[in-house]
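Q: Take a look at this one; I'll ask things after.
Taken together, the values in this text are just the output of simple stated rules run on the coordinates, not laboratory data. Quick caveat: nothing in here was measured; it's all calculated off a predicted structure. Quick reminder, even Gly has a Cβ in these numbers, built from the backbone with ideal geometry, and neighbours come from all protein chains shown.
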Amino acid sequence: MKKYFLPAIVALSLGFVSCTDDEPEDPQIKQYEDSQPSAVKAAKGFYVANEDWFGHDNGTVNYFKVNGTGYDVVYRAYRAANEGETLGVTTEFGTTWGSYVYLLSKQGNRLVVADANTLKKKAVFTDIGGDGRAFVGVDDQVGYVSHSAGVRRFDIANLQLGDPVEGVTGQVGTMCYAEGRLFALTQKKVYVIDVATNKIEQAMTGTFNALTRSKDGIVWVATSTDFLKINPRTLEEQRMAYPEGIKIGGSWSAWNAGSLCASTQENVLYWGHGKSTWSITAIAQYNIDTQAFNSSFYTLGKNEDKQLSLYAAGIRVDPLTDRVVATVTRGYENFNWVYLIAPNGTLEKEIVVNGGQNSEADGYYWFPAVPFFEDANKPEILTNQILLASNETQTIDLTEKMIDADNTALSIIREVEFADNDLVTSSLKDNVLTVTSKGGIGSTTCKFIAISNGEKVEKTVRVDVVLKK
């Protein structure tokens, strides 16, 4: 909807008001309301990366395609899209970032980059500096790859490996990016890396098992004894005991991405637990805001009197539906399922995973590594205009104006660039834009930039200063 601010010279029924020669005229300015968020698009499906049957086959990725209220399983989806191509040996990690899917394996084709829509091969790297571990994106241009001997940058624009981070040694597992910093996990250190310089800013020592970032922006590190909470802006550290003593184990000897994960919709953590790292039979849920803890958010039962368990990372949270996606196995047999569990702990869907090599109706030794998801929604910029009165200061919370349905508000990178002008000054801190008019009237523009899940969008926003609003 457009509205108009009347000029300062307004004809009245009983006379008129005029400006003196020293007063600036206030031009007629259209008022543009902010856009409304688009309807949220549902994902077409989700993925599970598989270690697959070591000694018999390379790693694989299965695609679970939505079909009405159910799912059709596309087995070995990367191979189906690329005749004659395979992933590396023991694929342990997969993620979608921007236009690509990144799949990491321990040997062979250690890093495979595929088109996010078609899974068509884009790049393959056999030598990344060590055995493949994980990938994390920073923005639309830069990512990081971890491996068994360190971590290195990745040039997304050119699909090329970049420089290693000097000083990072040993096996690096999961990582997360927050507030200009990369948090890279090893068994004995959490490296804090300044992405702008690609150098170590700080290293925290201890015994570490997993990490994730919660909706409120805090980096949670699971140690051998408790949680280490890190504020990524200030690097302030806090310790928190494991609720009810339900610890998160490590998987460094036979690395996987770990079960600790966070919801994008609620300020909630999830992790798997059981008798041992190799017998994970229950999922715990911790609400950070209310401090409510449920050690038996979901407990796996038995199949034919045999105990079911989670394998490898075991769980991740769907960024749109907020359901926990769990990869369930029956021991080391060829029986596999994917469970879709609602945020209240109700099992909503049980998907049988067959896909035998001789017949897809037969079971198979998938050894599922980790679920990962499509990026169904792109970031949006809702602001259309910044309207100020002369000498007014206005603050805008950009977490409400630059959004993404399948990402947390604090994970979106936001930038604002103003054209050269004599009308306003501006500053951006902690996602709050402050704009102050200098006293004159007129119009200029600025550019809003949002980067989320590797997708970058830009929008030119008009800036208008009037005598009175």
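Q: 7 Å from Cα along Cα→Cβ at both Ala254 and Asn158: what's the point-to-point distance in nm?
A: In this crude spin-label approximation the distance works out to 4.0 nm.
Q: Among 179-185, 64-70, what's the highest-first ranking by average C-beta atoms within 10 angstrom per residue?
A: So the order, starting with the most tightly packed, is 179-185, 64-70.
Q: Of the peptides 394-403, 51-60, how do they stack up when ordered by the mean number of other Cβ atoms within 10 Å, highest first?
A: For the peptides 394-403, 51-60, the packing ranking is 51-60, 394-403.
Q: Could you tell me the distance between the Cα centroids of the stretch 426-445 and the stretch 447-469, to the nearest Å?
A: Cα centroid to Cα centroid, the span is 11 Å.
Q: Kindly state, to the nearest 0.05, the FRET efficiency for Gln107 paired with Ala203, given R0 = 25 Å and r defined as their beta-carbon distance.
A: The computed FRET efficiency comes out at 0.30.
Q: I've got another one for you. Quick one, which of [x] 25.7, 94; [y] 22.5, 71; [z] 24.4, 84 is the actual Rg and Dmax of the Cα atoms in Å calculated for this model?
A: Only one option fits the structure, namely [x].
Q: Taking 0.36 nm per residue of separation and subtracting the Cα-Cα distance, what length does fully extending Val352 through Lys429 add?
A: 22.9 nm
Q: Let me ask you something else. Compute the signed sum of charges (Lys and Arg +1, Asp and Glu -1) over the other residues within less than 11 Å, Cβ to Cβ, of Thr174.
A: Computed value for this residue: +1.
Q: For a quick check: with amide H placed at 1.01 Å from N, whose amide H comes under 5 Å from Glu455's, ignoring anything fewer than 5 positions away on the same chain?
A: Gly98
Q: Given a Förster radius of 35 Å and the C-beta distance between Ala196 and Glu360 as r, what FRET efficiency does 1/(1 + (r/R0)^6) yield to the nearest 0.05?
A: In this case the efficiency is close to 0.10.
Q: Need one number: nm distance between label points at Thr69 and Glu304, each 7 Å from Cα along Cα→Cβ, rounded to one decimal.
A: So the two model labels end up 2.9 nm from each other.
Q: Continuing with this model, one more query. Starting from the amide H of Ser259, placed 1.01 Å from N in the peptide plane, find each other amide H under 5 Å away whose residue is 5 or more places distant or on another chain.
A: Amide H neighbours of Ser259, under 5 Å, 5+ apart: Gly272.
Q: Peptides 262-269, 237-244: what's the order by average Cβ count within 10 Å, highest mean first?
A: Most protected by this proxy first, the peptides run 262-269, 237-244.
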